[in-house]
Amino acid sequence: MNSNANPTQPVKDSGYSRRLKDRHVQLIALGGIIGSGYFLGTGEVINLVGPAVFLAYILGGLIIFLTMLCMGELAVAIPISGSFVTYTADFISPSIACGVGWSYWISWVAYIPAECVAGGIIMEMFTGVNGYLCAICFGLLITYINLAKVDTFGEIEFWLALIKILALFGFVILSLLIFFGLIPGSESKGIIGGKYILGDGGMLPHGVMSLLTAMVLLLVNYQGSEIIGLAAGESENPARMIPHAIRNVTLRILFIYIIPVFCLVLIFPWQKAGLTNSVFADALNLYNLKWAGTVTSFVTLSATLSCANSGFYGTVRALNALARDGMAPHTFAKFNHNSVPQNAVIATLVMVWVLLGVGYFFGQTQLYIALLLVSGFTGTLAWISLCTSQIRFRNRLYQAGYSTDHLRYVTPYSPYTGLLAIALMLIALLFLVLNKDPTYKLAFYIGVVSFIIPIIIYKLFDLSRNRKRALHLKTRVKFQDIFPPV
């Protein structure tokens, strides 16, 4: 066996600097998955599904758990930034990678302005300052953070994500006190019991179909978990940190998503849930805890900044990966003196600022939901590509003369782990188009178009020649660099 197959030092990934610490990687991923879509969008999902929404979150948690197991094997074996784009190019097809990478970039470019506008609306509610001006301030802050050194970004994201986690922990404690009657409300005295979760039409008042058709809207709340893999090229010690981050993020999904949502439907009537305010704040306001509702709204504010920040980090790395593989203009592959892909940052910022301006005039609830759905669709495509890449990677590993003994992290029960995740995600995408709401169908078609058009362009303009000539293709880590034929 070649010694490169199990290096003691992480391989340097092109122009990136390995400055992200363990806690940075974990909190960056959590920052991406707890955004305004969770605090605001959960209300819409509850209204669509009913109290059984926590079951949908469990199913979503299973999907992301299986996906993270697949990603862990790839991210430790080949720790590169922009991971799922380069994994898809190497193990599936460059044209598919082009579609996945560009659709992922488009989804975050659309979602980041929505986060800024959501933050502006909350700020206007508290300060009276024009929400659009506040949204611009958020955009400026995100611009500064992402042009700074990567360890500065990691530190800021760590504290923003920590605020959200502590707030949700506080919500769970308050909701349990409410449930056991220690904090009485205007509508209930004593122990609440099954009044809200089982009454008023039961757990599924709109039927099982409502749960299935809302899955993509829910999955967008988990989007951002893949940023663990995108950060692999900038991790100090990916072989130790990535598996640790995956284990911790999976556990925290249980405690940060599933348990708070379960507590929410125990104490709050599902008919009152919606998009007018954070559903968590509404639940606390129902029990005269106005101060807690106000705190929750401010936490939603930090969630907005944190999620937009993490998403921006991830999508810039995806664009840089496309450029390094000749599937985007070569200028986006260049780095500045801080080891930040500055041109990719600037191009993304330009589009974010354009959409931030346009989005102000169309800042309706329907548009916000459509953006969430498009983001969920394209994010799910990235997860499917990750799981497929892991299955293909394992096959190539065997063909090169290696076994799982040569891997520092092994996906358990492969390939069945990846196949189950892919099947569940394809079902979720299929049910998106079966939803009666035209917004859901529109999001499905936008998602499909954003995936197919880059593939057609790749084929029509024969970008494979550019890919072969791409200078950075020679410097980025490839399978055969780490696992040369035995």
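The values are calculated or read from the model by the stated rules, or taken from the named source; none is laboratory data. These numbers come from a predicted model, not from an experiment. Note: ideal-geometry Cβ built from the backbone for every residue, glycine included; neighbour counts use all protein chains shown.
A few comments on the model shown:
- Condition check for Gly359: at pLDDT below 80, part of a loop (DSSP other than H, G, I, E, B) and either of a type in the set (Ser, Thr, Tyr) or under 22 Å from Tyr440 (Cα atoms) (or both): no
- So Ser414, is it surrounded by 15 or more Cβ atoms within 10 Å (Cβ to Cβ) and over 19 Å from Ala318 (Cα atoms): yes
- Residue match in the range 424-441 (condition: more than 22 Å from the chain's Cα centre (by Cα), of a type outside the set (Phe, Trp, Tyr), closer than 18 Å to Gly72 by Cα and loosely packed, with under 14 Cβ neighbours inside 10 Å): no
- Residues satisfying the stated conditions in the range 272-305, i.e. among the polar types (S, T, N, Q) and either at pLDDT 90 or above or in a loop (DSSP other than H, G, I, E, B) (or both): Thr276, Asn277, Ser278, Asn288
- Neighbours by Cβ (under 6 Å, 6+ apart or cross-chain): first from the range 329-355, within 17 Å of Leu140 (Cα to Cα); second among the polar types (S, T, N, Q) and outside any helix (DSSP H, G or I): Gln342/Asn336
- The lone exception for Leu230 - which of (1) at pLDDT 85 or above; (2) closer than 24 Å to Ala75 by Cβ it fails: (1)
- Scanning the range 179-216 for residues that are in a helix (DSSP H, G or I) and farther than 16 Å from Ala273 by Cβ yields Phe179, Val208, Met209, Leu212, Thr213, Met215, Val216.
- Filter pass, Gly119 being touching a residue at least 60 places away in the same chain (Cβ under 8 Å), part of a helix (DSSP H, G or I) and either of a type in the set (S, T, N, Q) or closer than 17 Å to Gln223 by Cβ (or both): no
- Residue in the range 23-33 that is at pLDDT 75 or above and farther than 30 Å from Ile453 by Cα present: no
- Tabulated pairs, the range 123-137, first in contact (Cβ under 8 Å) with a residue 60 or more places away in the chain, second of a type in the set (Ser, Thr, Tyr), C-beta under 6 angstrom, 6+ apart or interchain: Tyr132/Tyr360
- Beta carbons closer than 7 Å, at least 6 apart along the sequence or on distinct chains, pair a first residue in the range 401-426 that is in contact (Cβ under 8 Å) with a residue 60 or more places away in the chain and farther than 30 Å from Leu373 by Cβ with a second that is of a type in the set (Phe, Trp, Tyr) and part of a loop (DSSP other than H, G, I, E, B) for Tyr402/Phe483.
- Qualifying positions in the range 315-339 - buried (at least 23 other Cβ atoms within 10 Å of the Cβ) and in a loop (DSSP other than H, G, I, E, B): Asp325, Gly326, Met327, Ala328
- In the range 60-113, residue surrounded by the most Cβ atoms within 10 Å (Cβ to Cβ) [restricted to those that are outside any helix (DSSP H, G or I) and polar (S, T, N, Q)]: Ser81
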